[in-house]
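Enquirer: Next up is a structure, given as structure tokens.
No value in this document is a laboratory result; all are computed from the given coordinates. Predicted, not measured: the structure shown is a model, and the values here were computed from it. Neighbour counts run over all protein chains shown; Cβ positions are idealised from the backbone, glycine included.
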């Protein structure tokens with residue numbers, strides 16, 4: 001009975017909060033709250049000269065990132081051949097941005113072309129997937145998608161696993177979900193051909209498939 | 001309307017508090033979590049921590065239903081916690097983006113978080129029970145939930161100062 005009463009309270013609160021929010025938005029109609037500047041306005045436009053822009057962006061390798069991840073990325077980019085993809089590397093069709101929330105998500109995915117999640121489903125949540133660009137080429141196949149699996153000891157430096165290499169990913173974004181990672185691959189008309197990123201433990205390799213395999 | 005509420009909804013401190021950087025919520029996500037809970041920074045931080053773990057603070061993720069990654073367990077067993085169009089057309093795991101109401105989905109996350117905290121007694125326990133079991137091997141469930149809760153509470157520790165900062 002107590003629980004039932006609590007649940008009724010919760011339901012009442014639910015409606016109250018959104019009505020309050022709507023009231024606030026109404027009162028604040030001229031405050032430009034919901035249409036304030038998008039979170040990712042200024043994007044780099046100059047051609048990258050550094051191989052490692054990851055540390056400059058709002059990124060997974062901040063000061064509190066685990067050492068293994070910083071070191072894995074440092075090693076991966078040490079030769080200068082690869083860098084993280086920049087927003088202006090992508091060409092997501094406008095037709096894909098069907099509403100405000102889709103637009104925000106896609107804009108965010110372009111300026112943060114990486115995801116941290118339990119991608120290989122080993123209950124370690126810090127695997128890192130990044131869309132990278134080969135700096136030695138300027139053709140459409142210059143992209144790659146690389147994943148670093150979190151080491152079980154939290155110390156070993158993981159090797160990169162290439163999900164895709166030398167492939168056009170200019171219309172691809174990464175999407176995290178509770179079971180790992182989804183790739184959204186857009187067509188010009190805004191339609192998608194999406195897939196689940198799956199880990200094959202025996203082959204120690206990733207694939208992207210129509211079905212989730214776990 | 002209290003001026004501090006308007007200021008908070010406008011996120012006047014967003015840039016100063018580092019919003020959108022270093023894994024902290026972007027403007028829209030900050031508003032959604034704060035507004036869903038009457039601007040309580042503790043609850044907003046817990047909701048954002050779960051949201052961050054579930055779907056990386058995305059608004060329209062695929063997989064399970066919406067930002068909160070709801071499953072049918074909740075709609076079946078606790079339907080009174082579900083708000084409006086929290087599921088959209090979701091009818092089982094999908095690789096297509098969420099098409100329901102994002103605000104309803106976040107409000108449902110809040111309801112579930114309240115419910116779990118009330119029932120189990122703490123934020124840690126709320127996260128623990130929000131986490132996944134193991135359908136194939138139930139003996140793994142406790143370990144899975146512990147790891148989930150530890151990760152969520154780590155995110156909370158980073159998010160709480162951010163939401164406190166927004167309220168200053």
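Enquirer: What about residue B:104, is it surrounded by 18 or more Cβ atoms within 10 Å (Cβ to Cβ), under 13 Å from the mean Cα position of the chain (by Cα) and free of Cβ contacts under 8 Å to residues at least 24 places away in the same chain?
Expert: Numbers: surrounded by 18 or more Cβ atoms within 10 Å (Cβ to Cβ): yes; under 13 Å from the mean Cα position of the chain (by Cα): yes; free of Cβ contacts under 8 Å to residues at least 24 places away in the same chain: yes.
In short, yes.
Enquirer: Given the residues B:151, B:134, which is the only one that is over 17 Å from the mean Cα position of the chain (by Cα) and within 19 Å of residue A:117 (Cβ to Cβ)? Before the answer, list the steps.
Expert: Working: B:151 fails: over 17 Å from the mean Cα position of the chain (by Cα).
Every option except B:134 fails the conditions.
Enquirer: Output the number of residues of the range B:111-141 satisfying the condition of being in contact with a helix residue (DSSP H, G or I) (Cβ under 9 Å, 6 or more places away or on another chain) and either part of a helix (DSSP H, G or I) or closer than 13 Å to residue B:49 by Cβ (or both).
Expert: 19
Enquirer: Collect the residues in the range B:112-126 that are more than 10 Å from the chain's Cα centre (by Cα) and surrounded by 18 or more Cβ atoms within 10 Å (Cβ to Cβ), keeping them in residue-number order. Talk me through it step by step, then tell me what you get.
Expert: Going residue by residue through the range B:112-126, those that are more than 10 Å from the chain's Cα centre (by Cα) are B:114-126.
Across the range B:112-126, the qualifying residues are B:114, B:115, B:116, B:117, B:123, B:126.
Enquirer: Within the range B:1-94, considering only helices (runs of 4 or more DSSP H) that don't extend past its boundaries, which have at least 2 residues that are facing chain A (nearest Cβ under 9 Å) and surrounded by fewer than 24 Cβ atoms within 10 Å (Cβ to Cβ)? Step through it out loud before you land on a result.
Expert: Numbers: elements: B:3-9, B:27-36, B:41-55, B:72-77.
Hits in the range B:1-94: B:3-9, B:27-36.
Enquirer: Of all residues being outside any strand (DSSP E or B) and free of Cβ contacts under 8 Å to residues at least 40 places away in the same chain in the range A:161-190, which is farthest from the other protein chains (Cβ to nearest Cβ)? Just the residue, please.
Expert: Of everything passing the filter in the range A:161-190, A:168 is farthest from the other protein chains (Cβ to nearest Cβ).
Enquirer: From B:116, B:109, which residue is within 20 Å of residue A:125 (Cβ to Cβ) and touching a residue at least 40 places away in the same chain (Cβ under 8 Å)?
Expert: Values: B:116 fails: touching a residue at least 40 places away in the same chain (Cβ under 8 Å).
Every option except B:109 fails the conditions.
Enquirer: Still on this structure, I have one more. In the range A:87-107, what residues are assigned to a helix (DSSP H, G or I) and either surrounded by fewer than 16 Cβ atoms within 10 Å (Cβ to Cβ) or touching a strand residue (DSSP E or B) at 6+ places or on another chain (Cβ under 9 Å) (or both)?
Expert: If the condition is that a residue be assigned to a helix (DSSP H, G or I) and either surrounded by fewer than 16 Cβ atoms within 10 Å (Cβ to Cβ) or touching a strand residue (DSSP E or B) at 6+ places or on another chain (Cβ under 9 Å) (or both), then A:88, A:89, A:94, A:95, A:96, A:100, A:105, A:106 are the ones that fit.
Enquirer: For residue A:158, all conditions in the list (1) free of Cβ contacts under 8 Å to residues at least 40 places away in the same chain; (2) part of a loop (DSSP other than H, G, I, E, B) hold save one; what is the number of the exception?
Expert: So residue A:158 meets the others, but not (1).
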